[in-house]
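Participant: Next up is a structure, given as C-alpha cells.
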Amino acid sequence: MAPANTDRPDPGLLAALGAIVGPKWVRSHLTERRPFEADGLPTHASVPMAVVLPSSREQVIAVLKLLAERNVPWVARGAGTGLSGGALAGGNAVLIPLTRMNRILSIDPVRQRAVIEPGVVNARLSDAAAPFGLQYAPDPSSQTACTIGGNVAENAGGPHCLKYGTTTNHVVALEAVLPDGSLARLGSPHGEPWGPDLVGLFVGSEGMFGIALEITVRLVPLPTTIRTLLADFATVRDATEAVGSIVAAGIVPAALEMMDQACIAAVEASIYAAGYPTDAAAVLLVELDGATASVEAEAALVHELLRAHRARGVRSAETATDRARLWQGRKKAFGAMGRVAPDLVVQDAVVPRSSLPSILETIGTIGRKYRLTVCNVFHAGDGNLHPNICYDRRDSALADRVARASAEIMEACVAAGGSITGEHGVGADKIDYMPMIFDSTSLAMMCDVRRVFDPANRANPNKVIPIHACREWREPQ
Amino acid sequence: MSVSILESLRSIAKSAVISGPDGVPVVRPDSAEAIAAVLGHASEQGWRARVEGRGSWMPTDAPADFVIRTGGLDRVVSVAPADLVATVQAGATLETIDQSLAAHRCWLPIDPPGGDSRSLGSVLATATAGPLRHRFGPVKDHVLGTTVVTGDGRIVKAGGIVVKNVAGYDLTKIQIGGFGAFGVVVEANLRVRAVPAARALVVATGTLDLLLDQARLLREAAIDLASLELCSPTLLGGDRWTLIVQATGTAPGVAAEIDRVRSVASGASFEGLGPGQASRLNRAVAQAALDGPVSLRAGVLAAGTPDLVDTLGETIGHRRLSASLGAGGVRWVGNPTEAHVRALRHRFAEREVPLTLERAPWAFRRAVGHFGAFREGVRPIAARLRSTFDPKHVLVSAIEATE
Ligand SMILES: Cc1cc2nc3c(=O)[nH]c(=O)nc-3n(C[C@H](O)[C@H](O)[C@H](O)COP(=O)(O)OP(=O)(O)OC[C@H]3O[C@@H](n4cnc5c(N)ncnc54)[C@H](O)[C@@H]3O)c2cc1C
C-alpha cells in the first residue's frame with residue numbers, strides 16, 4: 001500500500017472540478033482515492049491527490065483548462081491494466097479516468113472505420129464490428145478490460161499483431177486535447193497524415209502529450225479461414241529454433257506464441273487448463289489465417305518445419321471450441337501465474353528473433369542465480385519476451401532479488417540488440433533503463449518533443465524520460 | 001558570399017566539398033558526424049541548406065547557401081535474414097537495396113513512384129508509397145528506427161532494430177513524410193520480408209466504370225492481394241483504363257487467389273503477364289510519376305475513390321492518375337496551376353481528404369506548401385516541432401505554404 005497522500009487539493013479546486021463534472025464524480029477522500037493507487041504493476045503505488053471522472057469531451061476540455069489555469073499536474077487513466085506504472089498519479093497530481101467516455105460513436109462497414117471514445121474497452125469494439133464481418137485487430141491479452149485510449153497511449157500489441165501490426169498501424173486519426181485545453185485534429189480517416197505524422201507521434205506517447213478524446217481506427221475483415229496448431233517440444237531450444245525457421249521461410253502467421261514449462265504448469269493447474277502437455281519443455285501456438293488455399297499451403301509448410309525441429313506432437317484445432325480452448329490458456333496465462341504467488345512481475349522486453357534460443361538460456365541462468373522461477377509466455381514471432389516472476393512483495397529480500405534479476409534480464413536483452421519494452425511501455429517502471437538504449441542527445445530530444453505538446457510538463461509527470469536527461473535540467477539557463 | 005561559405009565548409013566538413021553548377025557549394029558527407037559538423041556550423045552562421053538525395057524525385061531547385069548531398073552515404077550496412085531486418089544508409093538507391101537484400105533472399109516491399117534510382121532518404125522524407133501499400137502498408141510501416149541529424153547538428157536516434165518496440169516516443173514518425181523539415185535522415189533500420197515463393201500479376205483493361213466495379217467485386221470477395229491499382233489511360237499510354245492486380249505468397253495460395261480474381265470478375269478479363277512483362281509494367285507505372293512537373297496524392301479511402309476520381313477528371317483532367325482501390329489513396333501527375341491545387345484542397349477538405357504535394361518545382365512548393373491548410377490545432381504543433389528539430393530553420397523545406 002502506498003503512503004497516504006496527505007496533499008489536500010484546495011477546496012476551491014475541488015469545487016471547480018465538481019462544477020464541471022458534478023460533485024459526485026470528484027473523489028477526494030482517501031478511501032475513494034486508494035483504489036486508484038496502482039495499475040497492473042505490483043511494484044509501484046501512489047495515491048492521487050484527487051480523482052475526477054468526466055463523461056464528455058466538453059468536460060475533459062473544461063477540466064484540462066481549469067488545471068492549466070491553476071498549474072496543476074494531471075494523469076489520464078484508462079482501465080488501469082497498464083504494466084509499467086504509467087497511470088499512477090502522485091504528489092499534487094489529479095487523476096482523470098476516462099472510463100465513463102465509453103461510447104462507440106460510429107462503425108462504418110463500407111469505409112471500414114470506427115470512431116470511438118477513449119474509454120471503450122478493446123474487446124467491445126471487435127464485438128460490435130463482428131456482425132459486419134470486421135474486427136479491430138490489435139488484441140492485447142487484457143482486451144476484455146483495457147481501453148482503447150490506454151492502447152493508444154501505450155501503442156499496445158497482442159498475439160495477432162505479428163501479422164496485423166500494433167495499435168499504431170490501426171489508428172488513423174485522433175482528436176486530442178492538449179494540456180493547455182486546446183484541441184488538435186490529427187491525421188485523416190484514410191491515414192494520410194495531413195501534415196507531419198502527428199498520429200504516429202501521439203500513439204505510444206504514454207499520456208504525456210494530451211488526452212485522446214476521439215479515436216478513428218481501421219477495421220479489417222475477419223479472415224475466412226483460420227488454422228490453429230499446437231506443437232510441443234522436449235527442449236526450449238528446439239521450440240525457439242522452430243520459430244526462427246517459420247519466420248525465415250517467409251510465412252507470417254497471424255500469431256506465433258510460446259509458453260515454457262513453468263508457464264504450462266501454471267496454466268494446467270488453473271481453471272484455464274487448455275490441455276497443454278505438462279511434460280513439454282515448451283509449446284508453440286501457431287495460428288495461420290487468410291484465404292483458404294494459402295492457409296492450407298502455409299499450414300502444411302509449418303507442420304513440416306515444426307517436425308523438422310523435433311516437435312514431439314503437432315495438434316490442429318478442429319473446431320472453434322478447440323481453438324478457443326487452446327487460446328484460453330495463452331490469453332489467461334498471466335492470470336494463471338498470478339494464482340501461484342501473491343505477486344507477479346510481468347516483464348516485457350524484445351530481442352532479435354534469431355537471439356531467442358540463447359536469450360532464453362540466459363534468462364534461465366539468471367533465474368537460477370537468484371533462486372527464482374521465471375515463467376516465459378511470449379510473442380515469439382516478433383521476439384517480444386515476457387519473462388514473468390512469481391513472488392511475495394512482503395518478503396523484501398525476495399523482492400530485491402526479483403528487482404536485480406529483472407534488471408539483469410533487461411541488460412541481456414539490450415546486449416542482444418533488443419529493446420527494454422515491446423508493448424507495455426516505459427512508464428515509471430523502466431525509466432531508469434532508458435539510458436541503456438538511448439544516448440543523452442536522443443533522450444534530450446524526447447524531452448524537447450514532449451514540451452512541444454506540454455511546455456509545463458504537467459501531463460503525466462515523471463514518466464518515460466529520466467529528468468536528468470532533459471536539457472533544461474542539464475543546462476540551467 | 002558563397003566563396004567564403006565554400007572555404008568554411010572545406011575546413012569543417014571532413015569530406016569532399018565542391019562548387020556546384022550554380023556556384024553553390026556542395027558537401028558530400030560520408031558520416032552522420034560529418035553532416036552534424038556542417039549543420040552545427042550552418043546553424044550558427046544562419047546559412048540555409050538544401051538536402052539532395054539522387055536528385056531523381058524532387059527538383060533540386062530550392063534556393064540555399066549550400067547543398068548536402070547524401071550520395072556519400074550509400075551503403076547497405078547490414079542485412080539479417082534470420083531477423084528480417086536491415087540497416088541502410090539514406091543515400092542508398094532502392095536498386096542497391098534490392099540487390100543487397102536479394103542476395104539474402106530478402107525483399108523490401110516498397111515500390112514508390114519514380115522508380116529504383118531513388119534514394120531511400122527521398123522515399124522516407126516524402127512518404128511516397130506505390131501499389132504494394134495495399135498489402136504491405138504505408139512507408140512508415142517498414143521503418144523500425146532512424147538516425148537523424150537535426151538542423152542544428154545533433155545526432156538523434158529513435159526506435160531500434162527489432163520489429164516491436166515502444167521504448168520512448170516514436171520520433172521516427174516525424175521524419176517519414178516530414179519533407180526534410182525535421183532533420184536529415186542518415187540511416188534507417190528497415191523491416192524486410194523473405195522473398196515470396198510465388199508472385200503473379202494480372203491486368204484487365206476497360207472503361208473507368210467497369211474497372212471500378214471489378215475492384216469493388218474483388219474487395220467484397222476479400223481476395224488476398226498484394227496490390228490492386230487502377231491506372232488512367234494517359235499513365236500507361238493508350239485509350240483504356242488498366243487495373244493491375246498482384247498476388248504474392250505460396251504457389252498454391254497465389255494460384256488460388258488469381259483463380260478467384262478471374263471467377264469473381266464480371267465483364268472484364270484478366271490477362272496474366274510473365275515475370276519480365278510484369279516488372280516492365282511495374283516500372284512503367286513508377287516512371288510515369290515523373291512525366292509531369294507536379295505529383296499530388298489524395299488520402300482518400302477506397303470507398304471514396306470513384307467520387308474523387310470523377311472530381312479530378314472534371315477539374316484538372318485524369319492525366320496520369322493511379323489509385324489503390326484497396327488501401328485507398330490516389331496519385332495524380334500533371335501540370336496544374338497553384339489555383340487548381342488550392343481549389344481542390346478546399347473541396348477535398350470537406351470530405352476529410354488531404355491533398356499532399358509530393359513533388360513540384362520549388363516556386364510551386366513554396367506557394368502551396370506540401371500540405372496546404374492544416375486541420376484544427378495542427379499548425380502550432382507543426383511549427384513548434386520544426387523549431388525543436390531545426391531551431392534556426394537551416395533546412396529548406398516547404399512544409400508550410402507562403403500564403
Ligand atoms: C493480464 C494482462 C495482460 C496484458 N496483455 C497485454 C498485451 O498482450 N499487449 C499489450 O500491449 N499490453 C498488455 N497488457 C498491458 C495493458 O493492458 C496495456 O498497456 C493497455 O494498453 C492499458 O490500457 P488501460 O486502459 O488499462 O490503460 P491504463 O493502464 O489506465 O493507462 C495506461 C497509460 O495510458 C494513458 N492513457 C489512458 N487513457 C488515455 C487517453 N485517453 N489519452 C491519453 N493517454 C491515456 C495513461 O496515462 C497511462 O500512461 C496486459 C495487462 C494485463 C494486466
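Participant: List every residue pair whose Cβ atoms sit under 6 Å apart, with the two residues 6 or more apart in sequence or on different chains, where the first one lies in the stretch B:105-128 and is farther than 21 Å from B:I244 by Cα and the second, anywhere, is assigned to a strand (DSSP E or B).
Facilitator: So the pair list comes out as B:S117/B:T93; B:S119/B:T93; B:L120/B:V88; B:G121/B:V185; B:L124/B:V185; B:T126/B:E358.
Participant: Still on this structure: Within the stretch A:30-41, does at least one residue satisfy the condition of being part of a helix (DSSP H, G or I), open to solvent by 40 Å² or more (accessible area, probe 1.4 Å), over 24 Å from A:D429 (Cα atoms) and modelled with pLDDT of 95 or more?
Facilitator: no
Participant: Within the stretch B:382-397, count every residue that is crowded, with 23+ Cβ neighbours inside 10 Å and out of contact with any Asp or Glu (no Cβ under 9 Å at 6 or more places or on another chain).
Facilitator: Qualifying residue count for the region: 2.
Participant: If you scan the stretch A:390-421, which residues turn out to be under 29 Å from A:A89 (Cβ atoms) and out of contact with any Phe, Trp or Tyr (no Cβ under 9 Å at 6 or more places or on another chain)?
Facilitator: Within the stretch A:390-421, A:C390, A:Y391, A:D392, A:R393, A:R394, A:D395, A:S396, A:D400, A:A403, A:S406, A:I409, A:S419 qualify.
Participant: For the stretch B:327-373, how many residues are within 11 Å of chain A (Cβ to nearest Cβ) and touching a Phe, Trp or Tyr at 6+ places or on another chain (Cβ under 8 Å)?
Facilitator: Result for the stretch B:327-373: 5.
Residue-by-condition table, conditions (1) in contact with a Leu (Cβ under 9 Å, 6 or more places away or on another chain); (2) part of a strand (DSSP E or B); (3) more than 13 Å from chain B (Cβ to nearest Cβ):
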residue	(1), (2), (3)
A:S205	no, no, no
A:F209	yes, no, no
A:E214	yes, yes, no
A:I226	yes, yes, yes
A:L230	yes, yes, yes
A:A239	yes, no, yes
A:S245	yes, no, no
A:V252	yes, no, no
A:L256	yes, yes, no
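Participant: Show me the strands (runs of 3 or more DSSP E) entirely contained within the stretch B:1-112 in which 1 or more residues are within 14 Å of another protein chain (Cβ to nearest Cβ) and under 28 Å from B:P196 (Cβ atoms).
Facilitator: Hits in the stretch B:1-112: B:76-80, B:85-89.
Participant: For the stretch B:221-237, does any single residue satisfy the condition of being without any contact (Cβ under 8 Å) to a residue 24 or more places away in the chain and surrounded by fewer than 17 Cβ atoms within 10 Å (Cβ to Cβ)?
Facilitator: Within the stretch B:221-237, one or more residues are without any contact (Cβ under 8 Å) to a residue 24 or more places away in the chain and surrounded by fewer than 17 Cβ atoms within 10 Å (Cβ to Cβ).
Participant: Additional query: Can you name every residue in the stretch A:99-112 that is in contact with a Leu (Cβ under 8 Å, 6 or more places away or on another chain) and within 16 Å of the ligand (Cβ to nearest atom)?
Facilitator: Residues satisfying the conditions are A:T99, A:R100, A:M101, A:I104.
Participant: Would you say B:V166 is touching a Leu at 6+ places or on another chain (Cβ under 7 Å) and open to solvent by less than 20 Å² (accessible area, probe 1.4 Å)?
Facilitator: For B:V166, the condition - touching a Leu at 6+ places or on another chain (Cβ under 7 Å) and open to solvent by less than 20 Å² (accessible area, probe 1.4 Å) - is not met.
Participant: Now a separate question. From the list B:G292, B:G304, B:G317, exactly one residue is more than 14 Å from chain A (Cβ to nearest Cβ), more than 19 Å from the chain's Cα centre (by Cα) and open to solvent by 10 Å² or more (accessible area, probe 1.4 Å). Which is it? Lay out the reasoning, then the answer.
Facilitator: On the way: B:G292 fails: more than 19 Å from the chain's Cα centre (by Cα); B:G304 fails: more than 14 Å from chain A (Cβ to nearest Cβ).
Exactly one of B:G292, B:G304, B:G317 is more than 14 Å from chain A (Cβ to nearest Cβ), more than 19 Å from the chain's Cα centre (by Cα) and open to solvent by 10 Å² or more (accessible area, probe 1.4 Å), namely B:G317.
Participant: If you don't mind, another one. Within the stretch A:157-177, track down each residue that is over 15 Å from A:D289 (Cβ atoms) and either open to solvent by 10 Å² or more (accessible area, probe 1.4 Å) or more than 10 Å from the ligand (Cβ to nearest atom) (or both).
Facilitator: Passing the criteria: A:T166, A:T168, A:N169, A:H170, A:V171, A:V172, A:A173, A:E175.
Participant: Here's something else I'd like to know. Return the residue satisfying two criteria in turn: it lies in the stretch A:179-216 and is within 11 Å of the ligand (Cβ to nearest atom) and among the hydrophobic types (A, V, I, L, M, F, W, C), and of such residues it is surrounded by the fewest Cβ atoms within 10 Å (Cβ to Cβ).
Facilitator: Top of the filtered list is A:L213.
Participant: Would it be correct to say that A:M434 is in contact with a Lys or Arg (Cβ under 8 Å, 6 or more places away or on another chain) and at the interface with another protein chain (Cβ under 8 Å from one of its Cβ atoms)?
Facilitator: Taking the combined requirement at face value, the residue does not satisfy it.
Participant: Considering A:L306, A:L288, which residue is open to solvent by less than 10 Å² (accessible area, probe 1.4 Å), assigned to a helix (DSSP H, G or I), away from the ligand (no atom under 16 Å from the Cβ) and more than 10 Å from chain B (Cβ to nearest Cβ)?
Facilitator: Only one candidate qualifies: A:L306.
Participant: Among the residues of the stretch A:149-196, what is the count of those that are β-branched (V, I, T) and in contact with a strand residue (DSSP E or B) (Cβ under 6 Å, 6 or more places away or on another chain)?
Facilitator: First pass over the stretch A:149-196, keeping only residues β-branched (V, I, T): A:152, A:166-168, A:171-172, A:177.
Filter again for in contact with a strand residue (DSSP E or B) (Cβ under 6 Å, 6 or more places away or on another chain), leaving A:152, A:171-172, A:177.
Summing the residues that are β-branched (V, I, T) and in contact with a strand residue (DSSP E or B) (Cβ under 6 Å, 6 or more places away or on another chain) in the stretch A:149-196 gives 4.
Participant: In the same structural domain as A:S396 (by TED's automatic domain parsing) and out of contact with any Cys (no Cβ under 6 Å at 6 or more places or on another chain), is that true of A:V345?
Facilitator: Spelling it out, A:V345 is indeed in the same structural domain as A:S396 (by TED's automatic domain parsing) and out of contact with any Cys (no Cβ under 6 Å at 6 or more places or on another chain).
Participant: Would you check if there is a residue in the stretch A:120-140 being more than 14 Å from chain B (Cβ to nearest Cβ), farther than 16 Å from A:L219 by Cα and within 12 Å of the ligand (Cβ to nearest atom)?
Facilitator: No - not one qualifying residue is present in the stretch A:120-140.
Yes/no matrix, rows are residues, columns are (1) on the phi < 0 side of the Ramachandran plot; (2) crowded, with 19+ Cβ neighbours inside 10 Å; (3) in contact with a His (Cβ under 9 Å, 6 or more places away or on another chain):
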{"site": "B:P112", "(1), (2), (3)": "yes, yes, no"}
{"site": "B:A127", "(1), (2), (3)": "no, yes, no"}
{"site": "B:L132", "(1), (2), (3)": "yes, yes, no"}
{"site": "B:G137", "(1), (2), (3)": "no, no, no"}
{"site": "B:D141", "(1), (2), (3)": "yes, no, no"}
{"site": "B:L144", "(1), (2), (3)": "yes, yes, no"}
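Participant: Would you mind stating whether A:A79 is out of contact with any strand residue (DSSP E or B) (no Cβ under 8 Å at 6 or more places or on another chain) and within 12 Å of the ligand (Cβ to nearest atom)?
Facilitator: Details: out of contact with any strand residue (DSSP E or B) (no Cβ under 8 Å at 6 or more places or on another chain): no; within 12 Å of the ligand (Cβ to nearest atom): yes.
For A:A79, the condition - out of contact with any strand residue (DSSP E or B) (no Cβ under 8 Å at 6 or more places or on another chain) and within 12 Å of the ligand (Cβ to nearest atom) - is not met.
The values are calculated or read from the model by the stated rules, or taken from the named source; none is laboratory data. Predicted, not measured: the structure shown is a model, and the values here were computed from it. Neighbour counts are summed over all protein chains in view; Cβ atoms, including those assigned to glycine, are modelled from backbone coordinates with ideal geometry. Remember, those area values only see protein heavy atoms, side chains included, never the ligands or the DNA or RNA. Shrake-Rupley method; radii C 1.70, N 1.55, O 1.52, S 1.80 Å.
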